[in-house]
Amino acid sequence: MGDDSDWMKLPVDQKCEHKVWKARLNGYEEALKLFQRFDDTSPEWAKYQGIIKKFVTDSNSVAQLKGLEAVLAYVENAHVASRTVGEVLSGVVCKVFNQPKARAKELASDICLMYIEIEKADIVQEELIKGLENKNPKVVVACVETIRRALCEFGSKTVTLKPIIKVLPKLFESREKAVRHEAKLLAVEVYRWIRDSLRPPLQNINSVQLKELEEEWVKVPSSAPRQSRFLRSQQDLRTKFAEQQAVAGSDGDCEDVADSAPQVDPYELQDPVEILSKLPKDFYVKIEAKKWQERKEALEALAMLAKNPKLDNGDYGDVVRALKRVIGKDTNVILVSLAAKCLAGLAFGLRKNFGTYAGNVVPTILDKFKEKKPAVVQSLQEAIDAVFLTTTLQNLSEDMLAVMDNKNPSIKQQASLFLTRSICLSTPSTLPKSLLKPLCAALLKQVNDPAPEVRDAAIMALGTAMKVAGEKAVNPFLADLDKLKVDKVRCVYMRTVEDVGVAKKGKPGAEGGAKSKKPAETKEIVETELSVEVCDELAAAVLPASCVKMLDSSNWKERLASMEEFYQVVEQMDIGAMPCQALVRMLAKKPGWKETNFQVLQLKLQVVAVVAQRGRFSKTSASVVLDALVEKVGDVKCGGKAKDALTAIGEACSLSWIAEQVVSLAFAQKNPKNQAETLNWLANAMKEFGFTGINVKAFINHVKTALGASNPAIRAAAISLLGVMYLYMGASLRMFFEDEKAALLAQIDAEFEKMQGQTPPAPTRGAIKRTGGQEEGEEAKEEGVAGDIMDLLPRTDISDKITEDMVSKVGDKNWTIRKEGLNEVAAVLSEAKFIKPSLGDLPITLKGRLSDSNKILVQQTLSIMQQMATAMGPALKQHVKTLGIPVITVLGDIKNTVRAAAMATLNSWVEQTGMKEWLEGEELSEELKRENPFLRQEVLGWLAVHLPTMRSVPSDLMLCVPPLFGCLEDRNVDVRKRAQDVLPVFMMHLGFDKMNKATGKLKPASKDQVVAMLDKARDVMPAKSAGPAKAAPTKPVSSVHPAKAAAGKKPLGKGKEEEDKSGPIFTMVPNGKDLRVKDEKSLKTLKWNFGSPRDEYVEQLKVQMAPCVAKWLQEELFHHDFQHHIKAINSMIECLEEEHEATVACLDLVLKWYTLRFFDTNTSVLMKALEYLKLLFLSLSKHNYHLSEQEANSFIPYLVLKVGESKDVVRKDVRAIMGMLCKVYPASRMFPFLMEGTKSKNSKQRAECLEELGCLIGFYGMSVCQPTAAKSLKEIAVHIGDRDTSVRNTALNTVVTVYNVCGEQVYKLIGHVGFTPQSHSLTRNVGVVYLWIQIRLNALVQSQQAEPSHVCPVGEFHLDLDLLEQLESDQTSVVLPDLVKHKLGDLLDPVIIPEPKLRPVPTHFDELHAGPSSTINLVISQVASGDINTSMKALAQIDEVLRQESIAEVMVGHTDQFLIATSLQLRLAHSTHMADTRLPREDIFKLYSCAIGNMLTLFGVARLAREASMGVLKDLVQGLVTVLLDPRIEESQEGQQLIRSVNMLLRRLFEASDQTNILRYQGKR
C-alpha cells in the first residue's frame, strides 16, 4: 500500500491505525464526522473502544490534534466511553500535556472535563494527580490547571478536595515558577470553596508564599460559590438553574438548586498519625516512677505526640488509664495540668474513637475540680470539653448527676459550668425530656445552695437549657422556684436568645414551618377555691329558686324533681356563664352524696359529667367531687354513672392527674368493691385516653398494694390493669414485680402472654382527640413511657464494688483466675439487680475477654453482658463503643454456640439502646470489611432485622455501603444471599441515587453486577417505617420480624381489608391450566425444575397466580414473613371443601407454591403445609381426581426431597402424603421418582425412598417396577453396599419384599451384583452383605418348605453379628441342607446341584446355579455356617480345590468372598463355639485348623493372594489377632500349635498379599 489510493479504500477504523500519518489523519477526520452522527446506543461505538487511546498518543502532531477532537466527540456521545477513561487519560497526561501547541492542551483538558461529566471524576482526578509526579514541568502545570478548571466548574461535591490539598505543599516547593504559580491559583480556588479550612494544611509552606496567598484570599468574594457545569445525572439541576437565572437575572439566588459548597472539617483533610508505637519504651515505667521529674518526662513525650491534629485509631486504653491515674491521684499540680492537656490532645486527635474511654475519665476530671489553682482548673476544663465532643450528654449524664450532690462547692460549680457548655452544643433532639428531667432536678437543688458561685452556675445552666429545649420544656420544673430566681433564669435565657437572634432571623421560614406543624396548645384551667357562701350565690344566680330550695327536701320525689330541673338547666347553660365549682358544690348539699334514692343519685352523677364536659372544669372543681365519685364506683346501680363522671373529668383535667387522685382515694378506703372497680375503670380509661403523662411509679406502688390484697376481685382487677399497661410499656413492666410470689407472678405472666403481639388502641379521648395530633401522641408516648420507664427503677452504684483486685483477676494470665474474676462480676450484677452505668475500668477489661482464647470464658463474658443489659437499661448506650462493637467481632467465631451467644447478647443490648448508637461512626463498617463469612452473615442478618424498624438512620450508615457491595460478590453463598436480602433495606434509608453513585469506585465488571442488583432491589424496596424509632426496646427483639416492621401499621385500612377477605380465595379461569401447560411445553415459561428456587421462578408463579387467587391471599402467599404464610394456609384449609372445583382449576399453581415452602427453614410453615397437603389429597381422592403429568412432575420430586428431612414428624407426614398420592396418581409412575430419590447424597432420603419402594412392590406387585423389574432391582441391590447402615438394611428389606412377591425369581432379576466400591473400608461390608443374602434366602426357602402351612413373615434385616449368630445357632427355625460332595475333577464342567434332603428344589433354581461360579458361591456360603461339621466339610472341599493347581483358577474372583466367610467363622468360633460347653473342644480346634490351613494354602497361590482387598485383609488380621490373644486357646495343649499356625499365616499374608493394600492398611492404622 504505497500510494494514497490503497489506504483510501480502507474502513475508517483501519485508517485510524494505519502506519501512514496521512491515512490516520483522514481516518480521524472521518471518525469525527461519524461520532457526531452515531446514535448514543449504536453498536458501532464498540469498534473504536480498543483503538481510541491511539488517537491521543499519535506520534504526528497534526494527526494527534485531529485525533483529540475525535476523542472529545467520542467521549461526549458514546455510551461505552466510560470504559476507556483510564487508558485515554494516561495517554493524555503523558503524550499531550507535554506538547507545545496550546490547542492540543486545551482539547486534552476538555477531554478530562468531559470524562468528569460522564460520572468518572474519581478516575480523572486520580490520573491527574499521578501526572503531578511527572518530571516534565509542562505536564505538571497542565495537570494542575486542569484540576483547577474541574474544581471551578463542577464544584467541591464532585471533585474531592482531600487529595488535592495533600499535594499542594509539595507543589509550592517546586523549582519551576510556572508550577508554583499554578499551585497558588489552585489554592485560591480551593479556598473559594472551603474557606479557612484550608489554612491549617498550608501553615508549613514558605512564609513569603503564605503571605501572597493571604493577600489573594482576601480578594476572594464572600458569596458562596456555585458549580457552573453539571454531571449527566444532574441535568435536572442544570435545567432548574437555567430557569432561575432567566427569571431572577444574573444576580438571582439559586441556592436551592445548586447547593453551595459543603462545610469541610480541617480534621478530615489531615492524615492520621500513629503515635502508640512512638511512645518511649519506658513510658509506663516512668509515669509511675516515684520522682516527679521522671513522670513529667513521660507526660511531655506524650504531649508532643498528642499535638498531632489527627491520630490513628488504636488501643489507647493503657495510656488513658495512666493519665487518669495521674489526674486522680498525683499530688503535683503541674503533672495534673500536663496530663489533662495530654488527655485533651488525645480527645481532639481521636474524636469519636475516643468516646470509648470518655466514661472512664469524666468522673475523675469532675472530682479533680476541687483544685483551686486557675491553671489546673483551666486545663481540666479544656480536657473535659474535648472529651465531651467525643461522646454525648446522655452518656455522661449519670456522672454529672453523681457529682451534683458533692459537698465541695468548687466541684458543683464546675460541674454546672461544664453542663452549661455541653447544653450549648446540644440540640432539642439530643436533650430529650428523659434527660432534661433529672438534670433540671439536680440544678434546682443547686439554685438554693449557700455558695453564690454554685447558685449562679446552676442558674446559667437552667437558662441555657431553656434556650436549647424551649420554655415549654423547662417551665414545669421551675414551678416551685421563687420568683426572683425564676427571673434570673429568664434573664440568662433572654441573653442567650439575643446572642443567637441574628442567626434565627436568617431562617424565618424554617422556624415558622416548624411551629405550624405543632397542634394548638390547650392551656390548663386554673381556679381558686371558693367559699361555701360564694358558691351558693353563684349557683343561685344560674339555677331556678325552686330547684335550689328543693335540693335538700326530705321528700325524695321533690329532690328528684329538683335534680331533673338542675340537669336540664345545666345542659342548656352557656359555657362562659357556667360556674362549675359552685354547681358541683351545690350537689353536696344535705343529704348530698349520702343520698339514699338511687334515681336522685344517678342524676347527680350525670350533672357532674355534663358540667365537666361542657364547662371550664378545673382541678379545683374536680377535687370537690372526686372523693364522692370514688365512693360510688362500686355501687351496683350507680357505679356506671360514677365511671362516666370520672371519664368526663379526665377529659377536662387530663387522665394523668385524675388517675393518680382516684387510685389514692380508692386505696384510702376499706371497701374492696370500690378498689376493684376503680382499677377496672382505670384500665379502660388508659385504652381510651392513651398512656401519655401517666405517673407509672405511683401506679406501680398501688398495683403492688392491690396484688397483695386478700380480696380476689382486687387482685384480678390489678392483673387486668397490668395487662393494659403492658401494651404500652412492654416486657420491662415485669421487672417491677419480680419479687412477687411465684403463683402471682405466673398469673401476671399469663396476662402478659394474652397481650403479646397486640398493639395499643389509638386514643379516642383527651388532648389527643381535641388536637387531632396522633403523631404528637405517639411521640409523647414514646418519650413519656419508653424514655421514663427505666428511670423509675431504683438503681445501685456498683463502681465501688468493682475493685482493682476484681479487675486484675478478670485480666489475669491464668484462665482459672480469669474465670473466678468473671464469676465475681456476675455475682455483683446479680446482687445489685438494677445498676447505674458507672463501672470504672470493668468495660475495658471485659472487652479483652471477648477475644479470650478460652471459648468458655468468652461465652461467660457474653452472658455477663446480657445480664448487664438488663440491669443497666437505656443508660447502656454509653458503653456501646467500648463493649458493644467488640461483640460484633465475636460473631465471626468459628463455633456456632459462641456466635449464637454473641447474637443473643447483641439483641439484648439493642433492645435497651436502640440502633442509632451502633450505626454512628465507622466501627460497624470496619467490622463488615473483615473477610469472615460467619461475621458477615450474622451482621447482615442482624441489620436486616433491625434497620426496617428505624424511621431515620445516621449518615454514617453510608460507610457500610462499600463493604456491603463487597459482600454481594463474596465467595460464600450465604453471605451473598444475606447481602442481597439487606440491600433493599439499605436503599430504603439511603435512597437509590446515593447507593448507585457509590458504585463508581467499583471495578467495571463488579459495577455492572452490583448496579443490576440495585435495580432489582429498588423494585422490592420496603416502605419506611412510620412507627416510633424506639419501639423496639419495649418488646423482645426476637418477636419483631423485619418484614412486619417494614410493612408498617395500617389501622385505617382494617375494615377494607376484612371486606376484601369476604369473597372466594380462588377464581376459576377458563382453560387456565391448559394454557399454562401449553406455555411450558412451548418454553414460553420456565419449566418448574430447579435445585433451589430462584427469584425468576417465584416471580413467574406470582404472575401466574395473580388472576387465580384473591389479591389479599396473594399478598399473604408471597409475603416475606412466615406468619403470613401460615395465615394463608389456614385460609386455604378452611375453604378447601367449599372451593374444591376452584382449587382443582389452579391445582398446578397451588402445588408449585407448596414446593417453595419445602425450601423454607421454618418448621411451623412446613408442618402447616404438610397438614394442608394431606387434606388436599384426601379430598382429591374422594372426588376421584387424578393428577396430570405436569402437576406430578412439578410437585412429586420436591416432596421426595423432604423424605430425607431430619425431623421424624416431618418424615411421617411426607410418607402419609405419598401413600395418598398413589390414590390420585399411578404407583408405577411414582416409582421412577422414588428411584431418582435413592441417588441422593442424603442417606435418610435414600433409606426412606428404598423403604417406600419396598412398600409399593409389596402392595402393587412387580408390575409397579419401572422401566423393568430387573433394571430396578439391580439398582436397588446396589444400595446393599452403601456406607450407611440404615440404607443397607432398608435395601435388604426391599430385596426380601421382592422375594416374598416373586420367590426364587429374585436371583434371576438381581443377577450377580458386581460390587466395586471406591472405598476399601466398604468392601468387607459388601462381602458380608452379599454372603448374608445367600445364607438368609437359602434358609428362608428351606424354612418355608419344611412348614408349608405357615409362612413366617420376614422382618427387617439388621446387619450385626448378634443377629447372625442367633439365626445361625437356631437349629429349629433354620435347617441348612446337608452338604453334597462334588467331583472335583469335573469342577470345571457345568455342575448340577443335587436336591437338598428336606425338599425338592425348583427347576429354575438348578438353572440359576448351573455353573462353577454358582457352585463355589454355595460352598463358600456353607463355610460361614453355624454348624461346625457343615463348615468343616465346606472348608475341606475348598482346600481340595486350592491344592490342585489345574483347577485352583476357579477361585479367581472369589478370594474376598472366601476370606470374609472364613473371618466370620473365626468370629463365630471365638464368641459362640468357645463359650458353648456342650461342644467338644477338639472339634473347635479342628475347625480353627481347617480354616487356617485353607488360608495358608490360598496365600500360597500368588494370583489369589494378590486379589485380597485392603478392607478384607484388615478384617482378617483383626480376627487372627483375636485368636492369638484368646486366653482360652493359650491354656490348652492344642492351642500352642494353633498359635504357631496363626503366626505362620500372618507372615505369609504380609509376604504374599498386594503390598499396596498392606501399606494402605498400615497407614490407616
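Kindly indicate whether any position in segment 7-21 is open to solvent by less than 10 Å² (accessible area, probe 1.4 Å) and farther than 20 Å from residue 124 by Cα. There is at least one residue in segment 7-21 that is open to solvent by less than 10 Å² (accessible area, probe 1.4 Å) and farther than 20 Å from residue 124 by Cα. Going through (1) touching a residue at least 60 places away in the same chain (Cβ under 8 Å); (2) acidic (Asp, Glu); (3) more than 22 Å from residue 1188 (Cβ to Cβ) one by one, residue 1141 falls short only on (3). Note on segment 1074-1092: among residues that are over 13 Å from residue 1193 (Cβ atoms) and among the acidic types (Asp, Glu), the one that is surrounded by the fewest Cβ atoms within 10 Å (Cβ to Cβ) is 1074.
Is it the case that some residue within segment 582-594 is aliphatic (A, V, I, L, M), within 26 Å of residue 555 (Cα to Cα) and within 56 Å of the chain's Cα centre (by Cα)? Give the steps one after another, and end with the answer.
So the first thing to find is which residues in segment 582-594 are aliphatic (A, V, I, L, M), and the list is 582-584, 586-588.
Restricting the remaining residues to those that are within 26 Å of residue 555 (Cα to Cα) gives 582-584, 586-588.
Okay, now just the ones that are also within 56 Å of the chain's Cα centre (by Cα), so none.
No, because not a single residue in segment 582-594 is aliphatic (A, V, I, L, M), within 26 Å of residue 555 (Cα to Cα) and within 56 Å of the chain's Cα centre (by Cα).
Every condition in (1) open to solvent by 10 Å² or more (accessible area, probe 1.4 Å); (2) without any contact (Cβ under 8 Å) to a residue 60 or more places away in the chain holds for residue 646 except the one numbered (1). Residues of segment 107-144 that are open to solvent by less than 20 Å² (accessible area, probe 1.4 Å), closer than 19 Å to residue 76 by Cβ and among the β-branched types (Val, Ile, Thr): 111, 116, 124.
When residue 261 is tested against (1) modelled with pLDDT of 85 or more; (2) within 30 Å of residue 167 (Cβ to Cβ); (3) surrounded by fewer than 20 Cβ atoms within 10 Å (Cβ to Cβ), only condition (1) is not met.
Quick one: in segment 891-907, of everything that is within 15 Å of the chain's Cα centre (by Cα) and either open to solvent by 10 Å² or more (accessible area, probe 1.4 Å) or aromatic (Phe, Trp, Tyr) (or both), which residue is farthest from residue 850 (Cα to Cα)? It would help to see each step written out before you state the result.
Filtering segment 891-907 for residues within 15 Å of the chain's Cα centre (by Cα) gives 891-892, 899-907.
Subsequent filtering for residues that are either open to solvent by 10 Å² or more (accessible area, probe 1.4 Å) or aromatic (Phe, Trp, Tyr) (or both) retains 892, 899-901, 903-904, 907.
On the way: 892: 12, 899: 12, 900: 14, 901: 11, 903: 13, 904: 14, 907: 16 Å.
This residue is 907.
Of the residues examined, residue 800 is not one that is touching a helix residue (DSSP H, G or I) at 6+ places or on another chain (Cβ under 8 Å), modelled with pLDDT of 70 or more and part of a loop (DSSP other than H, G, I, E, B).
Taking the condition of being free of Cβ contacts under 8 Å to residues at least 40 places away in the same chain and open to solvent by 10 Å² or more (accessible area, probe 1.4 Å), how many residues in segment 880-890 meet it?
Final tally of qualifying residues: 1.
Exactly one residue out of 626, 587 is open to solvent by less than 30 Å² (accessible area, probe 1.4 Å) and either modelled with pLDDT of 85 or more or under 20 Å from residue 684 (Cα atoms) (or both), and it is 626. Take segment 310-337 and flag every residue that is of a type in the set (Lys, Arg) and crowded, with 19+ Cβ neighbours inside 10 Å. If the condition is that a residue be of a type in the set (Lys, Arg) and crowded, with 19+ Cβ neighbours inside 10 Å, then 324 is the only one that fits. For the residues 340, 303, 375, the requirement of being open to solvent by less than 10 Å² (accessible area, probe 1.4 Å), touching a helix residue (DSSP H, G or I) at 6+ places or on another chain (Cβ under 8 Å) and not basic (Lys, Arg) singles out 340.
Go through segment 426-469 and give me each residue that's among the hydrophobic types (A, V, I, L, M, F, W, C), open to solvent by 10 Å² or more (accessible area, probe 1.4 Å) and out of contact with any Asp or Glu (no Cβ under 9 Å at 6 or more places or on another chain).
441, 451, 459, 460, 468, 469
Restricting attention to segment 908-933, the residues that are crowded, with 19+ Cβ neighbours inside 10 Å and either in a helix (DSSP H, G or I) or among the β-branched types (Val, Ile, Thr) (or both) total 13.
Checked across segment 1523-1540, the condition of being in contact (Cβ under 8 Å) with a residue 40 or more places away in the chain, open to solvent by 20 Å² or more (accessible area, probe 1.4 Å) and either among the small types (Gly, Ala, Ser) or closer than 18 Å to residue 1436 by Cβ (or both) holds for at least one residue.
Would you be able to say whether some residue in segment 145-168 is touching a Lys or Arg at 6+ places or on another chain (Cβ under 7 Å), more than 22 Å from residue 227 (Cβ to Cβ) and either buried (at least 20 other Cβ atoms within 10 Å of the Cβ) or modelled with pLDDT of 90 or more (or both)? No - not one qualifying residue is present in segment 145-168. Which one of the conditions (1) at pLDDT below 85; (2) outside any loop (DSSP other than H, G, I, E, B) does residue 1021 fail to meet, given that it meets all the rest? Evaluating residue 1021 over (1) at pLDDT below 85; (2) outside any loop (DSSP other than H, G, I, E, B) leaves (2) as the failure. Look at (1) without any contact (Cβ under 8 Å) to a residue 12 or more places away in the chain; (2) assigned to a loop (DSSP other than H, G, I, E, B); (3) within 28 Å of the chain's Cα centre (by Cα) and you find that residue 739 fails only one, number (3). Comparison of 856, 844 shows that the only residue that is surrounded by 19 or more Cβ atoms within 10 Å (Cβ to Cβ) and part of a helix (DSSP H, G or I) is 844. The number of residues in segment 698-721 that are open to solvent by 20 Å² or more (accessible area, probe 1.4 Å) and within 13 Å of residue 682 (Cα to Cα) comes to 2. Condition (residue is modelled with pLDDT of 85 or more, closer than 16 Å to residue 127 by Cβ and surrounded by fewer than 21 Cβ atoms within 10 Å (Cβ to Cβ)) applied to segment 56-64: is it met by at least one residue? The answer is yes, given that some residue of segment 56-64 is modelled with pLDDT of 85 or more, closer than 16 Å to residue 127 by Cβ and surrounded by fewer than 21 Cβ atoms within 10 Å (Cβ to Cβ).
Meeting the requirement of 1 or more residues that are without any contact (Cβ under 8 Å) to a residue 12 or more places away in the chain and farther than 24 Å from residue 799 by Cα, the helices (runs of 4 or more DSSP H) wholly within segment 316-407 are 374-388. Within segment 188-217, the residues that satisfy the criterion of being aliphatic (A, V, I, L, M), assigned to a helix (DSSP H, G or I) and more than 47 Å from the chain's Cα centre (by Cα) are 188, 208, 210, 213.
Somewhere in segment 1491-1505, is a residue over 29 Å from residue 1555 (Cα atoms), open to solvent by less than 10 Å² (accessible area, probe 1.4 Å) and assigned to a helix (DSSP H, G or I)? No, there is no match, as no residue in segment 1491-1505 is over 29 Å from residue 1555 (Cα atoms), open to solvent by less than 10 Å² (accessible area, probe 1.4 Å) and assigned to a helix (DSSP H, G or I).
The values are calculated or read from the model by the stated rules, or taken from the named source; none is laboratory data. All figures in this text were calculated on a predicted structure; none of them were measured in a lab. Every residue, glycine as well, gets a Cβ built from its backbone with ideal geometry; the counts of neighbours run over all protein chains shown. With ligands, DNA and RNA removed, areas are computed over all heavy atoms of the protein, side chains included. Shrake-Rupley method; radii C 1.70, N 1.55, O 1.52, S 1.80 Å.
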